[in-house]
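Enquirer: This structure is in structure tokens; I'll ask about it shortly.
The values are calculated or read from the model by the stated rules, or taken from the named source; none is laboratory data. Being a predicted model, the structure only gives us computed values, none of them experimental. Cβ: placed from backbone, ideal geometry, glycine included. Neighbour counts: every protein chain shown.
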Amino acid sequence: MSHRYVCSHCGKPISPVQNHCPHCGADIDWQKAVGRVVHLDYRPAAQRRRARRRKRLLGLALLLGMGWLLVWGWNREAVQARWAAHLGPAAYQDYELGVAELKAGNLDQARFHLGRVLNALGNRRPDPTPPPTPYTLPPPPIATPTFTPPPAPSPSASPLAPTPEPTHRASPSPAPAIHPTVTALIQQAEALADKAPCAAEELMSQALSLSDTPDIEARRQELDARCRGVFSSPLPAPPPLQTILFTTYDTRAGRYAIRAWSLGSRLPGPPFIEGAMQPAWGLHGEVIYRYDDAITPGLHLRQTDGVIQRITKGGEDSHPRWGPDGRQAIFTSVRRNADQTPWLYLVDIATRSVEALTPGQNADWSRDGRIVFHGCDAGGERCGLWLLDPVTLQRTQLTDNPADNSPAWSPDGRFIAFMSSGRSESWDVFLLDMETGDIIPTSLHPAEDGLPAWSPDGRAVALLSNRAGDWAIYAWSLDDLTAERLIPVAATLPNWQQAGFDWSAGGLNP
């Protein structure tokens, strides 16, 4: 039986000769009862002796093992010499060969050599049959060189003529070492070559600026050709499904994204273009949009097969709209103006050539070739909606309210839907009748309504509104003059006038 005294205040062990607890400093009164813990061993005496013996043997085995490791590590050569003397030179050589073959994975050869070692140790087994040696072709015969005397010089040859020296081809100089930064850029470009050839071409151009080599230039030209795309083959017809592309905003990531919603479905699909906004449908289901990225900003094109190409390289390019033939697009930019005056530009999708048209912004192109945009006259005094002839660049003013903006042509070209804050108390959507010149309000709601887009049949105007507290897309019918909520967009939408959406008669190919 063993005793252990503990302090009655802190419960920690104390010595019976102490008057104060060394842990908590409390006074110890030995006249009173203090805590005492009793440890009893109820096992039989024989079992306790066996346990003590087992513990001593375990310690001895551990000590011997450590000693053996020390001896093997310090006197390995002596142990090998003693082992070789015990086996003999021939058996020890077989032992080394067998171990080497075993490490190499040749089990048959290892079994043969180690079997001979067992025979040398006293095992009277017959020598194992050696494995068959694989057949190898004999070496080709070595031709014996024969000496052929040189031809005698001709009498006409001068004996003082110098002997022509043998010509030696200069060994090619070693290729220059490629900088690690160039290698990293090339690897990133190759990783993006299939899905984003435009971004890959940008990275390859950066690598070319650091290391001007023909291989990098050839690869850059190949990626540039893929980025430009091939529009000679006809694109497939769109499926008969109406789809709305709209811009949403992720508050957690702090960036915009484009999502798609098909009429008849309950919820929109997941974002298929991150960091993008202002989508515009093409004739065959392709989508052009604005992409805001540090590496490849500008206008991008998503083809029907999912391949994304970069159309322009200006970070200020915005609000793209397709031309009537689907081979050109018009957009707004301040790329060449020091005073930040927005201009309208025309880009050819196949050649990527950009042409400046006229000062203005937020244009739309009708099916018969007319362009409507927000702009002002040369003096900057008369502002509103203007009409532009893309061939003669002749301008015609349509409205005289400076707040009229974001026009959109109806499919038949009779109406122009636009948003304005100067005709009511808030932003609202209006219709301009091109035949009569009348301006028709759609829904004068106290909330913010704007960014109109026409339905494919021209019987409804879709608009972005926050009339229910969150941002959503509504459809205003020209038949019953009522607005119907279609799909929620986002709870918050910073700078909502730059968001943009489009309504197409086709569907979105994955």
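Enquirer: Could you say whether any residue in region 242-257 is of a type in the set (S, T, N, Q) and in a loop (DSSP other than H, G, I, E, B)? Step through it out loud before you land on a result.
Expert: Filtering region 242-257 for residues of a type in the set (S, T, N, Q) gives 242-243, 247-248, 251.
With in a loop (DSSP other than H, G, I, E, B) added as a condition, the list becomes 242, 251.
Yes, that holds for at least one residue.
Enquirer: Now a separate question. Considering every residue within region 476-483, establish whether at least one is buried (at least 17 other Cβ atoms within 10 Å of the Cβ), within 24 Å of H319 (Cα to Cα) and in the same structural domain as P268 (by TED's automatic domain parsing).
Expert: Yes: one or more hits.
Enquirer: Which residues, taken from region 302-356, are surrounded by 15 or more Cβ atoms within 10 Å (Cβ to Cβ), of a type in the set (A, V, I, L, M, F, W, C), out of contact with any Lys or Arg (no Cβ under 6 Å at 6 or more places or on another chain) and under 25 Å from V391 (Cα atoms)?
Expert: Result: I311, W322, A329, F331, V334, W343, L344, L346, V347, V354.
Enquirer: Okay, moving on. Checking L432 against (1) crowded, with 20+ Cβ neighbours inside 10 Å; (2) of a type in the set (A, V, I, L, M, F, W, C); (3) at pLDDT below 90, which test does it fail?
Expert: Failing condition for L432: (3).
Enquirer: Still on this structure, I have one more. Any residue in region 382-404 that is touching a strand residue (DSSP E or B) at 6+ places or on another chain (Cβ under 7 Å), surrounded by 17 or more Cβ atoms within 10 Å (Cβ to Cβ), basic (K, R) and closer than 27 Å to R459 by Cα?
Expert: no
Enquirer: Could you list all residues from region 306-321 that are more than 15 Å from T247 (Cα to Cα) and either polar (S, T, N, Q) or under 19 Å from the mean Cα position of the chain (by Cα) (or both)? Explain how you work it out, then say what you get.
Expert: Our first condition is that a residue be more than 15 Å from T247 (Cα to Cα); within region 306-321, this holds for 306-317, 321.
Result: G306, V307, I308, Q309, R310, T312.
Enquirer: Scan S421, S426, S465 and give me the residue that is small (G, A, S), buried (at least 18 other Cβ atoms within 10 Å of the Cβ) and under 26 Å from T248 (Cβ atoms).
Expert: Working: S421 fails: buried (at least 18 other Cβ atoms within 10 Å of the Cβ); S426 fails: buried (at least 18 other Cβ atoms within 10 Å of the Cβ).
One residue alone meets the criteria, S465.
Enquirer: While we're here: I need the full set of residues from region 207-241 which are at pLDDT below 75, in contact with a Ser or Thr (Cβ under 9 Å, 6 or more places away or on another chain) and either of a type outside the set (A, V, I, L, M) or part of a helix (DSSP H, G or I) (or both), in order please. Quick ask: steps written out before the conclusion?
Expert: Filtering region 207-241 down to residues at pLDDT below 75 leaves 226-241.
With the extra rule that they be in contact with a Ser or Thr (Cβ under 9 Å, 6 or more places away or on another chain), the set shrinks to 228, 235-236, 238, 241.
The answer is R228, P236, P238.
Enquirer: Here's another thing I want to ask about it. Filtering region 312-360 down to residues that are assigned to a strand (DSSP E or B) and free of Cβ contacts under 8 Å to residues at least 24 places away in the same chain, which residue is nearest to T396 (Cα to Cα)?
Expert: Residues of region 312-360 that are assigned to a strand (DSSP E or B), as a first pass: 318-322, 328-333, 343-348, 354-359.
Remaining after also requiring free of Cβ contacts under 8 Å to residues at least 24 places away in the same chain: 328, 333, 343, 348, 355-356, 359.
Values: Q328: 22, S333: 21, W343: 16, D348: 25, E355: 20, A356: 18, P359: 13 Å.
Top of the filtered list is P359.
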